[in-house]
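**Q** Dropping a structure here in structure tokens format, bear with me for questions.
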Amino acid sequence: MDQSINLIIEGRKYPLKVSSPEMEEILRSAAEDMTAMLGRYTEKFHDKTLEDKLVFVTLQETVQKIIAQRKLQALSEEASGLSSDMAAYLKEAEKL
């Protein structure tokens, strides 16, 4: 069952519906992170609009997402290689 919550980001209220307590926790954590990042960008770029600062936040988060995806892909490939190596090793061990 969906639950209604209100998130506050940069002093603005955003009503949302969440499907679970876990999703509520994730959204609240994301809102806190966004507010903190916006605060840092406000300190550095006080003359920029909120829209500009949101673009910076979005760009930063997207870069981090791509980095994480690439690391996950590399780890997945490494795990696959290790699994193949182990299977080959066990096959050879069975021959002994």
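The values are calculated or read from the model by the stated rules, or taken from the named source; none is laboratory data. Remember, predicted model here, so these are calculated numbers, not experimental data. Neighbour counts are summed over all protein chains in view; Cβ atoms, including those assigned to glycine, are modelled from backbone coordinates with ideal geometry. Ligands, DNA and RNA are stripped out before the accessible areas are found, and what is left, the full protein with its side chains, is counted by its heavy atoms. Shrake-Rupley method; radii C 1.70, N 1.55, O 1.52, S 1.80 Å.
**Q** Out of the residues in region 40-52 that are not in a helix (DSSP H, G or I) and not basic (Lys, Arg), state the one that is most open to solvent (accessible area, probe 1.4 Å).
**A** Only one residue tops the list, namely His46.
**Q** Spot the failing condition for Leu16; the list is (1) of a type in the set (A, V, I, L, M); (2) assigned to a strand (DSSP E or B); (3) at pLDDT below 95, and only one is missed.
**A** It fails just one condition, (3).
**Q** On the given criteria, is Lys48 over 22 Å from the mean Cα position of the chain (by Cα), on the phi < 0 side of the Ramachandran plot and of a type in the set (D, E, K, R)?
**A** It is true that Lys48 is over 22 Å from the mean Cα position of the chain (by Cα), on the phi < 0 side of the Ramachandran plot and of a type in the set (D, E, K, R).
**Q** Hey, can you tell me all the residues within region 1-13 that are assigned to a strand (DSSP E or B), open to solvent by 70 Å² or more (accessible area, probe 1.4 Å) and touching a residue at least 12 places away in the same chain (Cβ under 8 Å)?
**A** Result: Gln3, Ser4, Ile8.
**Q** Picking from Thr35, Thr58, Thr62, which residue would you name as being touching a strand residue (DSSP E or B) at 6+ places or on another chain (Cβ under 6 Å), closer than 30 Å to Asp2 by Cβ and part of a helix (DSSP H, G or I)?
**A** Matching residue, one of Thr35, Thr58, Thr62: Thr35.
Here's the yes/no breakdown for (1) more than 30 Å from Gly39 (Cβ to Cβ); (2) surrounded by 10 or more Cβ atoms within 10 Å (Cβ to Cβ); (3) acidic (Asp, Glu):
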site: Leu54; (1), (2), (3): no, yes, no
site: Leu59; (1), (2), (3): no, yes, no
site: Thr62; (1), (2), (3): no, yes, no
site: Lys65; (1), (2), (3): no, yes, no
site: Gln69; (1), (2), (3): no, yes, no
site: Ala74; (1), (2), (3): yes, yes, no
site: Glu78; (1), (2), (3): yes, yes, yes
site: Ser83; (1), (2), (3): yes, yes, no
site: Ala93; (1), (2), (3): yes, no, no
